[in-house]
Amino acid sequence: MSAASTSTAPTSASSSEALPTAEQHGIKEHSDGRFGFVPVQTRSARFKSFDVADFPAVTGREAVWKLSPVAKFTDLTAGTLDGAAYEIDSTPLADVDVSWVDRTDARIGTAGAPEERAAANAWSSFDKALAITVSGEEAKEITITRSGLGSTPRAAHTLIEARPFSQAVVILRNTGTARLSENVEIIVGESANLTVVTLQEWDADAVQLANHFATIGRDARLKHVVVSLGGSIVRVNPSVQLAGPGSDTELYGLYFADAGQHLEQQVYVNHDAANTRSRVNYKGALQGAGARTVWIGDVLIGHDAPGTDSYEQNRNLVLTEGTRADSIPNLEIETGDILGAGHASATGRFDDEQLFYLQSRGIGELEARRLVVRGFLSEIVQHIGSKPLEERLQGAIEDELRGTEGN
């Protein structure tokens, strides 16, 4: 797997453009010690910085941006962002503290660091972080809703901490209109069990660039679910480090792209400790001219991760002509002492045999198609673990499917 930028270094020291810094921006100096530069060879070696000034301007040729419509959100990658606190809606809950904290909070920056300019711009711009701190061994569920962020380019930072032995489902619901670049840090303490669900139910004109960074402690478990239905351009990239022995993660994604919509996910799982487990399963449907989805899955099994058990997959169902789904699974293994590792990807149309089976039992073609799509996506919904939310999402899928009736 190549995880590098496609930027090219100048060929001579007399060039008016400065030579890149070693290890910076996805390239590093060649071992010959001259002016040659080579791509970074492993996913974990990508350049990281909290400062937007350390990243060059986005051109769309970079590895992390080459499948994104970068010209449509230059205000988020290069412009000034409003980093002020915003209104949220949540219900007070025992053992869950929701508050705004200063940038100096010791937890900020411990789950990960930006690897691209939009994330760094948001990190450099936010004033206060929204901190959601979970404690207590009793299972609990909280929903944080934000809406009406407006058309001003914004930065945001959210911190979610599950303290040792705690259990919770945290739902981040996004509605209304927005132009938003944000970072979400997730810290899962020893033996904690945390589910984080991020719902993208934006208005049709919204643009969101989100990076989620998670670190998981010893014998802890994180379930991370991305549901993207609304918005014009929505890019949610989770990055999970299995840092403690025995840690476990399941990453699920559900997306439904309509005409002109761009929905993107770049998933990274870093097995960095022994006896860790990961499962990645993303499913999407596309309908309408110009509907576009991007899924990139990177799994790294490091030298210090014997006993790893990992599998990732992505499935896309194409409902109409004029759509495009990019699906790129990548797997790096740096130790031979693993339980198993694999990946899979598939993009296709309806299964004719399934449709024939349903129609042969008296179900009309339109209803048969809806049943197939609903069954295809429902697998992800059923993993969430919140019955009220699962029922609401099933209804949202039905609303999306009604758009296929005229196609």
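The values are calculated or read from the model by the stated rules, or taken from the named source; none is laboratory data. Note that this is a predicted model, so its numbers are computed, not measured. Quick reminder, even Gly has a Cβ in these numbers, built from the backbone with ideal geometry, and neighbours come from all protein chains shown. The area values use the complete protein model at the heavy-atom level, side chains included, leaving out ligands, DNA and RNA. Shrake-Rupley method; radii C 1.70, N 1.55, O 1.52, S 1.80 Å.
So for segment 323-342 (the condition being among the β-branched types (V, I, T), in a loop (DSSP other than H, G, I, E, B) and closer than 30 Å to A289 by Cα), does at least one residue qualify? Yes, that holds for at least one residue. Candidates L317, L377: the one that is part of a helix (DSSP H, G or I), touching a helix residue (DSSP H, G or I) at 6+ places or on another chain (Cβ under 9 Å), farther than 26 Å from I301 by Cβ and open to solvent by less than 50 Å² (accessible area, probe 1.4 Å) is L377. Criterion first (among the aliphatic types (A, V, I, L, M) and open to solvent by 40 Å² or more (accessible area, probe 1.4 Å)) does A156 satisfy it? Taking the combined requirement at face value, the residue does not satisfy it.
Per-residue answers, yes or no, for (1) modelled with pLDDT of 85 or more; (2) open to solvent by less than 60 Å² (accessible area, probe 1.4 Å); (3) within 30 Å of K66 (Cβ to Cβ):
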position: I301; (1), (2), (3): yes, yes, yes
position: Q354; (1), (2), (3): no, no, no
position: G364; (1), (2), (3): no, yes, no
position: G403; (1), (2), (3): no, yes, yes
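Only residues that are open to solvent by less than 80 Å² (accessible area, probe 1.4 Å), of a type outside the set (A, V, I, L, M) and touching a helix residue (DSSP H, G or I) at 6+ places or on another chain (Cβ under 9 Å) were counted across segment 78-101, and they come to 3.
Of the residues making up segment 200-212, just one is surrounded by 24 or more Cβ atoms within 10 Å (Cβ to Cβ), out of contact with any Phe, Trp or Tyr (no Cβ under 8 Å at 6 or more places or on another chain) and touching a residue at least 60 places away in the same chain (Cβ under 8 Å), namely N211. Only residues that are part of a strand (DSSP E or B) and either modelled with pLDDT under 95 or of a type in the set (F, W, Y) (or both) were counted in segment 150-174, giving 0.
One line per residue, one yes/no per condition, for (1) crowded, with 22+ Cβ neighbours inside 10 Å; (2) of a type in the set (G, A, S); (3) in contact (Cβ under 8 Å) with a residue 40 or more places away in the chain; (4) more than 20 Å from H383 (Cα to Cα):
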| site | (1), (2), (3), (4) |
| --- | --- |
| V227 | yes, no, yes, no |
| D248 | no, no, no, no |
| L286 | yes, no, no, yes |
| D304 | no, no, no, yes |
| S310 | yes, yes, yes, no |
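For N174, the criteria (1) buried (at least 20 other Cβ atoms within 10 Å of the Cβ); (2) of a type in the set (S, T, N, Q); (3) touching a Ser or Thr at 6+ places or on another chain (Cβ under 7 Å) hold in every case but one, which is (3).
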